[in-house]
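Right, one structure below, let's go through it.
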Amino acid sequence: MTDKTSPAPLRHVLFIMCDQLRADHLSCYGHPRLQTPHIDALAARGVRFSHAYAQGAVCGASRMSTYTGRYVSSHGTMWNFVPLSVGQKTLGDHLRPHGVRCALVGKTHVEADTEGARRLGIDPTQGAGRLAMEGGFEPYARDDGIWPPGFKVTGNAYCDWLRAQGYESDNPWHDFANSGRGPDGEILSGWQMRWADRPAHIAGAHSETPYTTERAIDFMREAGDAPWVLHLSYIKPHWPYVAPAPYHAMYGPDDMLPVVRSEAERVDAHPVVEGFRRETVSRNFSRDEVRNTVVPTYMGLVKQVDDELGRLFAFMAEQGLDRDTLIVFTSDHGDYLGDHWLGEKELFHDPIVKVPLIVVDPRAEADARRGTVSDALVECIDLVPTMLDALGLPQSAEWLEGRSLRPLLHGHVGAAGKDLVVCENSFAFRDEVRLPLAQPVERCHMTMLRTRRWKFVHFEDLPPQLFDMQADPDELVDLGRDPAFAAVREQMLGLLFDWLRQRRRFPTVAPEDIARWNERELAAGILIGAW
């Protein structure tokens, strides 16, 4: 809700998310060879945050935090394919009572809580029940992709569209959009990284990123002047690492960032980290042959996203939408790509949990900060409050654990980031990690705290990790068992306990209602203990 100091509300929000995009693989974040001019231009129009952190180290947990404005410990979706409880309030739930359409184009990774729907007698196929199963988003064009080879895909709009373009297959997502072809026409599956330097067997315009962009344009055309929030969620550059021509061959090994790792990291490594290094993806990404094949294609996929965003932004400018739309650009997490002898994600080094975040507020109040870089510590749970603030809508303090970025976007005096940011994950789902440790699944939770100087990771029943982010920004020296830093670890453990005590435990009653509780009792004539 606006107040006397609030600017006029905006009408729309474009909420862009890439899957598995590292911040350092954008030129505005410093990549020397991978040029992303359209994302750079977005940064020039808004504020680029250099220390934005995701709240989960895998897709599902991170996205559910971003969609709810709540930490993983609060919403409970700790990993991929864990249902988001129907009892959680998401972005769409905050918007719809105010007549704002909340739609999705692309991926969410929301897993439907069908058991919760059944228990409450909710029909999950229509109306409010269907929206609850979709994480609060109207599924205008949902496509989570990731169809394994041999899987018969039915009822998927993108696969149906591909078949209509002539890509006849039970699984055109795999067989064409995410695989190449050998000399005899055999499928070179994108699930095998050895083929990452081959072009996808599909016209570039028919690949996932252009298709997703076109559906976003369709939505904007159809939505008219009504207020909306559109979550445009690109599945790339997430694996399979396959790009259509010409993006598959735009870059080579000489264009890659140097790998960040040291032999010393492998000596007496933390047992959880060592467990993740045993996984196939980490063993492969520790080989230069694999990195030299895969990373250039990853870069090409990022370049394709940038080109498609250029097309979308041009359309928005032609329609005048850029003048009344808050634009948010981020990712759910990064990709190790061999850094620290690791592949994929799930741990808490900056290549995974420090995500790109660019926010463009077109209002005059943001002009003073336009084109600047903020080094404030911020979190992805801050995005829901920021969007609601931009639209002039109330923010439910009993639900939201983030806070609006508007003071930073508008350069308010005294505006600052947070003292610490938090990310969580569980290794309970990874046998290579959990079984050698003989750890029960309920004792596999990991919690990262990052302050301006320190990064601390708490493990149940195991030593912590500690990194000095000033002296060791590449996180190569783990101080978690160094006796000289026992006092720092104790301080960080205290901060973790403080953070746990501040979670939103009472989401069904607003703080202001609690504050007025005794007053209302007296007004109602409830006289407890009167003589």
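The values are calculated or read from the model by the stated rules, or taken from the named source; none is laboratory data. Owing to the predicted nature of the structure, the values given are computational and were not obtained by experimental measurement. Positions of Cβ are backbone-derived with ideal geometry, glycine not excepted, and every protein chain shown enters the neighbour counts. Side chains are part of the model used for accessible areas, which takes the heavy atoms of the whole protein and leaves out ligands, DNA and RNA. Shrake-Rupley method; radii C 1.70, N 1.55, O 1.52, S 1.80 Å.
Inspection of region 269-291 identifies no residue that is within 25 Å of Asp143 (Cβ to Cβ), of a type in the set (Lys, Arg), touching a Ser or Thr at 6+ places or on another chain (Cβ under 8 Å) and touching a residue at least 40 places away in the same chain (Cβ under 8 Å).
Region 472-531 holds no helices (runs of 4 or more DSSP H) entirely within its bounds that carry 2 or more residues that are in contact with a strand residue (DSSP E or B) (Cβ under 7 Å, 6 or more places away or on another chain), polar (S, T, N, Q) and closer than 30 Å to Gln395 by Cα. Looking across region 461-471 at every residue that is assigned to a loop (DSSP other than H, G, I, E, B), touching a helix residue (DSSP H, G or I) at 6+ places or on another chain (Cβ under 7 Å) and without any contact (Cβ under 8 Å) to a residue 60 or more places away in the chain, the one that is nearest to Val259 (Cα to Cα) is identified as Pro464.
Within region 377-393, the residues that satisfy the criterion of being open to solvent by less than 10 Å² (accessible area, probe 1.4 Å) and either hydrophobic (A, V, I, L, M, F, W, C) or touching a Cys at 6+ places or on another chain (Cβ under 8 Å) (or both) are Leu377, Val378, Cys380, Ile381, Leu383, Val384, Met387, Leu388, Ala390. What are the residues in region 305-329 that are under 19 Å from the mean Cα position of the chain (by Cα) and either surrounded by fewer than 19 Cβ atoms within 10 Å (Cβ to Cβ) or under 14 Å from Leu26 (Cβ atoms) (or both), if any? Within region 305-329, Val305, Asp306, Leu309, Phe329 meet the criteria.
Per this entry, Pro246 is counted among residues that are of a type outside the set (Phe, Trp, Tyr) and touching a residue at least 24 places away in the same chain (Cβ under 8 Å). Only one residue in Arg489, Arg481 is out of contact with any Cys (no Cβ under 9 Å at 6 or more places or on another chain), open to solvent by 60 Å² or more (accessible area, probe 1.4 Å), at pLDDT 95 or above and among the basic types (Lys, Arg), so which one is that? The conditions single out Arg481. Of the helices (runs of 4 or more DSSP H) entirely within region 237-337, those holding at least 2 residues that are in contact with a His (Cβ under 7 Å, 6 or more places away or on another chain) and of a type outside the set (A, V, I, L, M, F, W, C) occupy 288-319. Look through region 379-407, keep the residues that are in a helix (DSSP H, G or I) and hydrophobic (A, V, I, L, M, F, W, C), and return whichever of them is nearest to Ala54 (Cα to Cα). Within region 379-407, the match that is nearest to Ala54 (Cα to Cα) is Cys380. Out of Ala200, Ala164, one residue alone is open to solvent by 20 Å² or more (accessible area, probe 1.4 Å), under 25 Å from Tyr234 (Cβ atoms) and hydrophobic (A, V, I, L, M, F, W, C). It is Ala164.
Considering the conditions (1) farther than 18 Å from Glu208 by Cα; (2) open to solvent by less than 10 Å² (accessible area, probe 1.4 Å), Met299 is excluded by exactly one of them, (1).
Looking for something open to solvent by 50 Å² or more (accessible area, probe 1.4 Å) and within 30 Å of Pro97 (Cβ to Cβ) - is there at least one such residue anywhere in region 205-216? Yes; the residues of region 205-216 include at least one that is open to solvent by 50 Å² or more (accessible area, probe 1.4 Å) and within 30 Å of Pro97 (Cβ to Cβ). Scanning region 422-459 for residues that are open to solvent by 10 Å² or more (accessible area, probe 1.4 Å), outside any helix (DSSP H, G or I), out of contact with any strand residue (DSSP E or B) (no Cβ under 6 Å at 6 or more places or on another chain) and not polar (S, T, N, Q) gives Ala428, Phe429, Arg430, Ala438, Pro440, Arg452, Arg453, Trp454.
For region 327-384, how many residues are touching a residue at least 60 places away in the same chain (Cβ under 8 Å), in contact with a helix residue (DSSP H, G or I) (Cβ under 9 Å, 6 or more places away or on another chain) and aromatic (Phe, Trp, Tyr)? Total meeting the criteria: 2.
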